[in-house]
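A short write-up of the structure that comes next.
The values are calculated or read from the model by the stated rules, or taken from the named source; none is laboratory data. These figures come from a predicted structure and were not determined experimentally. Using ideal geometry, Cβ is built from the backbone for each residue, glycine included, and neighbour counts are taken over all protein chains shown.
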């Protein structure tokens, strides 16, 4: 039994890592300019070749962003699912991404109309404010409504309200801003710079490490609040940390790539069914890897399916993520009969 | 010996509203303290306050001479383990995983269990005899098995106090007994103090060293089971108006059928009990006799018969008593004879039987007791 689980874990991690490497190479290769593997390796290691600029300035930052932000989204979803002990919680479904989007749009329009450039950290801060705002509403709902579905409906409604206000604000913005905002508010990994990558690394990686270090209290919390407290978890501090981390992660994603749907819900479930465990010590790194793989795959499709045009990343993640949510709900229904 | 865990002027309640005030209870190591009382009386509230899940409104809870308010989470978690009524979510966890969570206070930063920790987990599983399903998913096992594993979880937390909230609810009688048996063994072998609430009075009476009665938002009485379990007291504690409670046997009887008796039952030595109960079920009022007050049938007959002819323990009935019984037999017009053996002590009942036989009054019990099939038709 023990042995069996170990094999499964190793197999899981190795296949995820393999998928990640393949998708990275494929992403470098795919696009309007096709490159051979030999060329790619040449470009990566010597920065030479005629297409080095395309790879180094456009494709690589985009790939790393998709990797980091995908991982962040999945992790944020895992944290929210733990917090609400609700299997279909996620930053998009609960309206947290939309809240971040709203405050971000307001900030962008406010700054740009005065002709001030906006730094990455300002964007993240604005997104974090918005995310916390939505989170506050969702928490208020969760205090009143114990039912799983009510929480989700509440979150979806908050999401709609925030999106409506965002649309309203965008309508009155300058023409020049609209194009940018509209593109961004649909969600996309395009146009990432190395500076962006640096900032998101500085946010996502520490958050990942913090989450990993929280594995122990998370495992206690999975048994329920009463038992967690008896095991010596300081529930107040723990809950605040959980909320902060999931807000920071989803805010960072929204700040750079806009709202991206379903990754946060779907990936933790896929990971749970692959690894057949809910242990946070496994789940945290596996979710991060899984989110990276999922987003790289979806971004690949977004870039290539209707090339040279691009799909919004959310429309691709929804196609693969939404069925997972439906499956999860159906399976739970069956278990509870 | 001093109490290991005790409450001092404790007031408990929700949202700042006191529910029960001035609670003073305590238990020593190696003892079981049981809270009994009607639903909603506040047993769980007291327990939740003692384990620091609810804010205390006044007073203190003291473990090993120190107030729990002053202990760190880790300190308290090494002294106190719980088995609560909340359904635990244990997605994708095996039973062994769930038990292993008990080692939480002893593991390091990442919560990885050492070889020694796993040994303690397996030891706890053996203690509750759960080896057979230790590797099964926790969500697939029965309620009885779950409660045992949660007890194993508490054991491997190596606490000095275990608090259990209605650990035997929802379990069948076999699992109730087994769980309490394990608990009792644990208390003896590990010298732990146990505080729990129970709904089963018969079990509370047998397993507890101290009993606390909670009713109407107050601690009504504390004492040994012998002091607490008296027929009248239990009746008032639970406000039993219909039916009765027998403290010696811990058994409940339904309410006696009112009205004039329709049949006289000659019982004795336990032979009458099934007939009394069957008559009660079928709504037939009956008289019973002649029973000595130390007869096995006596407590049930007392609870269920509308007329009862008795004599004091170890005494033979005088003539007047036999006459009284004969008068009742005439009044009823029919007799059921349950006992088959007659001797010196129940010679009077033999006389009654002969009297009834002479009058042609003897009936089989079946005449009165509706059969299942008959009821269907």
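What the table below lists for this structure:
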| item | result |
| --- | --- |
| Residues being part of a loop (DSSP other than H, G, I, E, B), buried (at least 17 other Cβ atoms within 10 Å of the Cβ) and at the interface with another protein chain (Cβ under 8 Å from one of its Cβ atoms) - total across segment B:65-91 | 3 |
| Odd one out for residue B:46 among (1) buried (at least 17 other Cβ atoms within 10 Å of the Cβ); (2) within 24 Å of the chain's Cα centre (by Cα); (3) facing chain A (nearest Cβ under 9 Å) | (3) |
| Test: residue in segment A:145-152 that is surrounded by fewer than 24 Cβ atoms within 10 Å (Cβ to Cβ), in contact (Cβ under 8 Å) with a residue 12 or more places away in the chain and over 21 Å from the mean Cα position of the chain (by Cα) | yes |
| Enumeration of residues in segment B:201-244 that are in contact (Cβ under 8 Å) with a residue 40 or more places away in the chain, out of contact with any helix residue (DSSP H, G or I) (no Cβ under 6 Å at 6 or more places or on another chain) and more than 30 Å from residue B:64 (Cβ to Cβ) | B:201, B:202, B:216, B:237, B:238, B:239, B:243 |
| Single match in A:13, A:84 (criterion: closer than 30 Å to residue A:135 by Cα and either surrounded by 12 or more Cβ atoms within 10 Å (Cβ to Cβ) or in contact (Cβ under 8 Å) with a residue 12 or more places away in the chain (or both)) | A:84 |
| Residue in segment B:21-30 that is in a helix (DSSP H, G or I) and either away from every other protein chain (no Cβ under 14 Å) or surrounded by fewer than 20 Cβ atoms within 10 Å (Cβ to Cβ) (or both) present | no |
| Residue selected from segment A:30-64 under the condition touching a helix residue (DSSP H, G or I) at 6+ places or on another chain (Cβ under 6 Å) and not in a loop (DSSP other than H, G, I, E, B), by the criterion surrounded by the most Cβ atoms within 10 Å (Cβ to Cβ) | A:63 |
| Odd one out for residue A:261, checked against (1) part of a helix (DSSP H, G or I); (2) at pLDDT below 95; (3) in contact with a helix residue (DSSP H, G or I) (Cβ under 7 Å, 6 or more places away or on another chain); (4) more than 14 Å from chain B (Cβ to nearest Cβ) | (1) |
| Enumeration of residues in segment B:193-209 that are buried (at least 23 other Cβ atoms within 10 Å of the Cβ) and outside any helix (DSSP H, G or I) | B:193, B:194, B:195, B:196, B:197, B:198, B:208 |
| Within segment B:133-151, tally of residues that are assigned to a helix (DSSP H, G or I) and either closer than 15 Å to residue B:182 by Cβ or within 13 Å of chain A (Cβ to nearest Cβ) (or both) | 12 |
| Residue A:179 vs. criteria within 14 Å of chain B (Cβ to nearest Cβ), surrounded by fewer than 23 Cβ atoms within 10 Å (Cβ to Cβ) and modelled with pLDDT under 95 | no |
| Candidate set: segment B:81-107, residues that are in contact with a helix residue (DSSP H, G or I) (Cβ under 8 Å, 6 or more places away or on another chain) and free of Cβ contacts under 8 Å to residues at least 12 places away in the same chain; chosen: the one farthest from residue B:144 (Cα to Cα) | B:107 |
| Selection count, segment B:109-132, where residues are surrounded by fewer than 20 Cβ atoms within 10 Å (Cβ to Cβ) and more than 8 Å from chain A (Cβ to nearest Cβ) | 14 |
| Which numbered condition residue A:279 misses (of (1) surrounded by 23 or more Cβ atoms within 10 Å (Cβ to Cβ); (2) within 14 Å of chain B (Cβ to nearest Cβ); (3) at pLDDT below 95) | (1) |
| Residue match in segment B:93-101 (condition: under 23 Å from residue B:5 (Cβ atoms), surrounded by 17 or more Cβ atoms within 10 Å (Cβ to Cβ), facing another protein chain (nearest Cβ under 9 Å) and modelled with pLDDT of 90 or more) | yes |
| Scan of segment A:273-307 for residues that are outside any helix (DSSP H, G or I) and in contact (Cβ under 8 Å) with a residue 12 or more places away in the chain, ordered by number | A:276, A:277, A:278, A:279, A:307 |
| Failed item, numbered, when residue B:158 is tested on (1) over 30 Å from residue A:271 (Cβ atoms); (2) within 14 Å of another protein chain (Cβ to nearest Cβ); (3) in a helix (DSSP H, G or I) | (3) |
